[in-house]
Amino acid sequence: MSHRLQGSGIGRGLAVGVVARMPEPLPEPSNSPSGLTPGAEATRATAALAATATDIRVRAESAGGTAGDVLQAQAYMAEDPTLLEDVEARVLSGLTAERAVFEAFAGFRELLVGMGGYMAERATDLDDISQRTVALLQGVAAPGIPDPGHPFVLVARDLAPADTALLDLTTVLALVTSEGGPTSHTAILARDKAIVAVVGVAGADELRDGQVVIVDAATGTIVASASEDEVAAAHADLLERSTRTSALTGAGMMADGTLVPLLANLGSAAAAADAVAKGAEGVGLFRTEFLFLDQAEAPTVEAQQAEYTALLSAFAGRKVVVRALDAGADKPLSFLNDAAEENPALGLRGLRALRANEQILRDQLTALANAAAVTDADLWVMAPMVSTVEETRYFTALGRELGLQTLGVMVEVPSAALLADRILADADFASIGTNDLTQYTLAADRLLGSVAAFQDPWHPAVLRLVGEVGRAGAALGKPVGVCGEAAADPLLAVVLVGLGVTSLSMSPAALADVRGELALYSLEQAQQFAAVALAANSAFEAKAAVVEALSDSPTHPETPTHNEGARQ
Ligand SMILES: C=C(OP(=O)(O)O)C(=O)O
Ligand SMILES: [Mg+2]
């Protein structure tokens with residue numbers, strides 16, 4: 001008999017296949033004393049860690065894009081001086097290199113897990129480095145992706161970034177993990193590679209090799225030991241999805257011709273070409289954090305200018321929205337966020353941190369103005385985590401002083417949404433960050449698995465705030481975008497447009513699905529769906545009510561699956 005398991009779905013794909021489990025980790029290295037000198041063990045340990053870092057870098061280069069960035073960050077972990085010192089100290093106390101690496105990484109892992117949230121979700125990255133290095137020292141193969149000789153659904157406790165980044169999508173139909181939250185690297189990479197994935201699945205440890213499962217990311221469910229009828233229905237669903245127009249390109253447009261520009265969220269200029277190939281009409285959110293990560297101090301104006309120039313050159317004649325550095329909370333930077341805070345998400349982050357270090361902001365805006373002057377893109381610059389009208393005035397005035405023309409703010413805090421009419425009187429545009437807006441509206445840490453159920457942008461409280469901003473934008477004739485994950489949910493994207501949002505920005509992998517869904521409805525229908533969602537009492541009810549409303553809709557296909565992007 002089939003039964004259902006539940007986790008957090010990444011994307012909206014569907015897959016049917018047999019389970020192949022990731023092999024168990026290597027056994028713990030023995031802690032009997034070393035037969036070699038401490039010096040010799042130290043050399044073995046250092047060489048093995050360096051080789052692991054090099055190996056991960058090679059994978060980073062072959063993966064490229066977001067996966068490459070994630071792996072580069074993991075390679076830095078393998079070279080972390082504090083960890084190396086810890087390993088050396090353990091070797092000097094008489095341990096073997098294997099045991100010293102194992103213990104040092106386990107200690108650091110505990111520290112990260114204790115910190116919770118984003119840091120805790122990096123624990124898998126550390127485990128992976130430890131396993132690879134110990135395997136290297138023992139001369140055995142590191143546990144890796146299984147190869148059963150046919151396509152399969154990969155089931156694992158969690159996957160290391162190196163493994164997720166290099167998954168062979170011709171054989172891995174879907175990914176199911178028992179650990180990891182929606183912001184773990186596994187989830188980020190799965191989203192980026194459009195892998196059908198459900199993470200944090202309670203009971204996934206019971207799934208066995210060869211068992212037939214149906215993985216539905218849209219609902220976050222796994223049907224285990226699926227019956228023949230269930231498998232047949234899933235195959236019919238897959239067939240129906242494959243015939244849908246999921247690879248549309250061209251301007252984002254509703255059925256009545258209303259244009260809704262579909263833009264890309266990017267983290268590096270190197271990702272621009274892929275975004276253009278996937279149909280991005282421009283960039284709706286360029287996250288500049290990566291330029292500042294792993295640095296002892298902020299990059300120079302010249303270094304930043306080179307990156308911004310490369311980005312703008314890839315989008316000549318198109319809109320590119322760059323966000324000023326958003327440091328703090330889940331993205332701490334040593335040179336900006338030095339004081340310990342009890343509640344960093346409510347602390348000196350985003351524009352607040354920049355204001356406390358104004359030279360860093362001035363340098364960044366100068367680099368952007370210089371890049372805009374030598375390229376033909378339409379550069380818009382926005383501030384992160386703005387919560388007051390006064391902050392809006394500060395940012396737009398400073399940007400204008402430094403030569404920038406189009407200046408806006410991110411609406412990520414309820415206060416900014418509620419006063420959107422006053423904020424948009426000063427700002428040229430607003431871009432709603434639904435990830436943070438949901439976190440702050442529902443008072444639920446966006447990185448904490450235990451409150452993940454609250455972190456749902458379908459919640460009518462969040463939608464009401466989006467509607468406030470949409471209304472203010474329409475009254476003042478100012479554009480209002482959405483660049484949080486909500487924009488990548490095709491059905492929610494339609495609702496957002498109905499609430500007055502004028503452009504949507506998302507991971508390039510999501511563009512085709514959103515474009516296809518928008519094309520099914522007129523603006524008037526989107527407004528009706530928005531009204532239905534606003535009238536609900538919960539995120540679940542809001543979505544269910546819209547699904548019901550659209551099934552009555554004349555333009556919708558007969559089977560309202562609205563969950564494209566299936567693994568086919
Ligand atoms: C787009 C957003 O910003 P980030 O995810 O980078 O905080 C958001 O908060 O929705
Ligand atoms: Mg944000």
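Every read-out reported here was derived from the displayed coordinates using simple, explicitly stated rules and does not represent laboratory data. Just so you know, these numbers come straight off a predicted model, no measurement behind them. Please note: Cβ atoms are built from the backbone with ideal geometry, for glycine as well, and neighbour counts cover all protein chains shown.
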Per-residue HN-Hα couplings for the stretch 418-429 [Karplus 6.51, -1.76, 1.60; θ = phi - 60°; Hz; x = Gly/Pro]: 5, 9, 4, 5, 6, 5, 6, 5, 9, 7, 7, 7
Cα shape, the stretch 38-138, gyration tensor, a/c 1.5 rule: oblate
Estimated [θ] at 222 nm from DSSP helical runs (n ≥ 4, -39500 (n - 2.57)) normalised by residues in the chain, nearest 500: -14000 deg cm²/dmol
Long-range HN-HN contacts of R323 with modeled amide H, under 5 Å: F286, T288, M382
Distance between the stretch 417-476 and the stretch 508-548 - C-alpha centres, whole angstrom: 17
Relative packing of peptides 277-289, 221-233, 100-112 - highest average C-beta neighbours within 10 Å first: 277-289, 100-112, 221-233
Relative contact order (%) - criterion: Cα under 8 Å, at least six apart; region: the chain: 15
Global form of the stretch 422-491, assessed from the alpha-carbon gyration tensor, a/c cut-off 1.5: prolate
Cα-based equivalent ellipsoid of the chain: semi-axis lengths in Å, sorted from largest, via gyration tensor: 39, 32, 20
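Could you check what % of the DSSP bridge pairs in the stretch 262-551 are antiparallel, to the nearest 5?
Counting only bridges with both partners in the stretch 262-551, antiparallel ones make up about 5 percent.
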Prolate/oblate/rounded call for the stretch 329-468, Cα gyration tensor, a/c under 1.5 rounded: oblate
Antiparallel content of DSSP bridges confined to the chain, in %, to 5: 35
Residues H459, H235, sorted so that the one with the fewest Cβ neighbours within 10 Å comes first: H235, H459
